[in-house]
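In what follows, a structure is listed as structure tokens, so that the remarks can point back to it.
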């Protein structure tokens, strides 16, 4: 079964505690937390204080996705805030292997995210060091976008690389995931589905999460 990681970027921030409780009571596996700085991506979301508060509201995995410039300056801070998985963008890291080591040294799982235009071949030399690869299936910065179809080919290529290198890395898909396209995403080789609007804008979020989990 896939790992389901609802994105709290789509939650109701006036009722964030209620939405955290909803996820706690659901079949969701992870809380996906998108941090945006307005520099690496053209939007600003939330940061350390919000993640610290969310951490107190759940025992589930906190999957923190840093869409920020110079993430190496904040790795310790996000560990302290409660991140279990910390994902940095390959495009934002001049010394990616060093950042992966930094994350793992602090006891977190290390994720690397790739924008839609970035080739998965860039991961070939470090795929065995990574716990999660997050393939952006929309242009990062805003929720509610449509899935980029070419992502399916990237998933297949990445899965082949993981198997060839005998890596334990998981493939996470972030952006435009729906009940309609999730089966083809999983068939291509994905392990983790990030879903924002699909979950939080549905009439019954718990049922939607259960339906994704059952795929």
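The values are calculated or read from the model by the stated rules, or taken from the named source; none is laboratory data. Fair warning: this is a prediction, and the values are worked out from it, not measured in the lab. Quick reminder, even Gly has a Cβ in these numbers, built from the backbone with ideal geometry, and neighbours come from all protein chains shown.
A few notes on this one:
- If you filter region 183-200 down to residues that are farther than 11 Å from residue 2 by Cβ and in contact (Cβ under 8 Å) with a residue 40 or more places away in the chain, you find that the one that is surrounded by the fewest Cβ atoms within 10 Å (Cβ to Cβ) is 197.
- Only a single item in (1) crowded, with 16+ Cβ neighbours inside 10 Å; (2) free of Cβ contacts under 8 Å to residues at least 24 places away in the same chain; (3) closer than 28 Å to residue 211 by Cα is not met by residue 47, and it is number (3).
- Hits in region 1-19 (condition: touching a helix residue (DSSP H, G or I) at 6+ places or on another chain (Cβ under 6 Å) and either buried (at least 24 other Cβ atoms within 10 Å of the Cβ) or assigned to a helix (DSSP H, G or I) (or both)): 4, 6, 10
- Entry remark, region 170-204: residues being in a helix (DSSP H, G or I) and closer than 23 Å to residue 22 by Cβ number 5 in total.
- The listed residue being more than 16 Å from the chain's Cα centre (by Cα) and within 23 Å of residue 197 (Cβ to Cβ), out of 16, 66, 106, 96: 16
- Of the residues making up region 80-94, those that are surrounded by fewer than 20 Cβ atoms within 10 Å (Cβ to Cβ), at pLDDT 95 or above and out of contact with any strand residue (DSSP E or B) (no Cβ under 7 Å at 6 or more places or on another chain) are 80, 91, 93.
- Considering region 122-153, and only residues there that are assigned to a helix (DSSP H, G or I) and in contact (Cβ under 8 Å) with a residue 40 or more places away in the chain, the residue that is surrounded by the fewest Cβ atoms within 10 Å (Cβ to Cβ) turns out to be 128.
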